[in-house]
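The values are calculated or read from the model by the stated rules, or taken from the named source; none is laboratory data. Fair warning: this is a prediction, and the values are worked out from it, not measured in the lab. Counting neighbours? That spans all protein chains shown, and the Cβs are built from the backbone with ideal geometry, glycine included. Side chains included, ligands, DNA and RNA excluded: accessible areas come from the protein's heavy atoms. Shrake-Rupley method; radii C 1.70, N 1.55, O 1.52, S 1.80 Å.
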Amino acid sequence: MTILGIETSCDETSAALVENGTKLLSLVTATSQEMHQKYGGIIPDRAARAQLKSILPVIHESLQPLSSNLKPQNPTSSFQRLASKVDALAVTVGPGLIGSLLIGVETAKSLALAWNKPLIPVNHLVGHIYANWLQTDQQPATSHQQPDFPALVLIVSGGHTDLVLMKDHGKLELLGTTLDDAAGECFDKCGRLLGLPYPYGPYIEQEASKFTVNGSQFTVKLPRPLINSKDFNFSFSGLKTAFLNEYNKLSTVNRELRTVNLAHELQEAVTDVLVAKVLKAVKEFHPKSILLAGGVAANLRLRNKMKLKIKNCELKILLYVPPLKLCTDNAAVIASAAFFQPNHRSVSKIQANPSLTITSV
Ligand code: KG4
Ligand code: ZN
């Protein structure tokens, strides 16, 4: 079964073809990052305007792998002819920015009606999880084992930090969430304060990687909020404030040194908390696999710390970390989620919902 996925929840415009939920045939993503770099963040209506321009060309390009068996004549109807080989469409319905979501949802509805294909609505957060089911060029089918249930999932993105127990496809239990800011948001706000470029998270990681214990001439210490709390919730807002205080205290220090030290300690604080909560949940729920998902899962320090802790605890659990390009927002994970959780709805009932939570259907 070949599903065409469409994702426009934030500033990306992405379309992908995925076969049977696991085999990635194409992934095309346009971003308005350059524009946001100029302003230091996303301006929702500008993002939506850019998405409106790129959505049809992006979808058309994503369908190209299906052109190999089509006769070359009749190029004008190529969109329609390529679409005849798609079995269903899938689209992100939320959470996200309303203007951006509407562009993906309304385009997908129009195409589904015009092509007479089913349309499967997908929760963006659930989509992130399915990055762990996809095979890419770097992960050939033979080496890719699908995660076993129950799986413990840490979804860490710019807008969400959720710890979820996944008992099966479609059976999700939210164990904990952030009480205020998301982990990615914390990286982003602190990165902005340091004067790093947008998107801030990868630049925090880059700066932190320059840190060596010997090279640091002073100690920055940030709190690890809720690290020992009895529940599985997170809180990153206080960490942001503590970061600002440390930043101000170091105003006379060489700027480069200050940036590296602060970025390093911030990354350590965030990853310490995330790893500690995952381990606490492992002890209580005994999952067979641990899955990382969302943009912050691209962070190598988080991946390595998690790997090391699991190894040190001698836990017989497989850790899944998605390929880097599938951590951040993309349509491949949406197509995969639609295959495994086919939430059939008539096209007229499908609507964008910016405030969906991970467990809402
Ligand atoms: O999942 P995503 O692409 O979009 C949302 O759904 O929010 O996540 C974006 C977030 C941003 O906060 C970005 O700074 C963060 O993921 N991020 C990273 C890294 N790459 C992206 N944070 C830390 N280290 C990274 N390498
Ligand atoms: Zn996302």
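Overview of results
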{"item": "Meets criteria (under 26 Å from ILE103 (Cα atoms) and open to solvent by less than 20 Å² (accessible area, probe 1.4 Å)) for ALA331", "result": "yes"}
{"item": "ALA112 of a type outside the set (Val, Ile, Thr), away from ligand 1 (no atom under 12 Å from the Cβ) and not assigned by TED's automatic domain parsing to the domain that holds LEU257", "result": "yes"}
{"item": "Matching entry among GLU268, GLU284, GLU314, GLU256 (being surrounded by 17 or more Cβ atoms within 10 Å (Cβ to Cβ) and of a type in the set (Asp, Glu))", "result": "GLU268"}
{"item": "Residue within the stretch 149-167 that is away from ligand 2 (no atom under 16 Å from the Cβ), open to solvent by 20 Å² or more (accessible area, probe 1.4 Å), at pLDDT below 95 and small (Gly, Ala, Ser) present", "result": "no"}
{"item": "Segments classed as helices (runs of 4 or more DSSP H), wholly inside the stretch 277-361, with at least 2 members that are away from ligand 2 (no atom under 16 Å from the Cβ)", "result": "300-312, 332-340"}
{"item": "Residue within the stretch 41-54 that is within 15 Å of ligand 2 (Cβ to nearest atom), closer than 30 Å to PRO197 by Cα and aliphatic (A, V, I, L, M) present", "result": "yes"}
{"item": "Test: residue in the stretch 268-280 that is within 16 Å of ligand 1 (Cβ to nearest atom), more than 29 Å from LEU174 (Cα to Cα) and without any contact (Cβ under 8 Å) to a residue 60 or more places away in the chain", "result": "no"}
{"item": "Enumeration of residues in the stretch 287-306 that are among the polar types (S, T, N, Q) and surrounded by fewer than 21 Cβ atoms within 10 Å (Cβ to Cβ)", "result": "SER289, ASN304"}
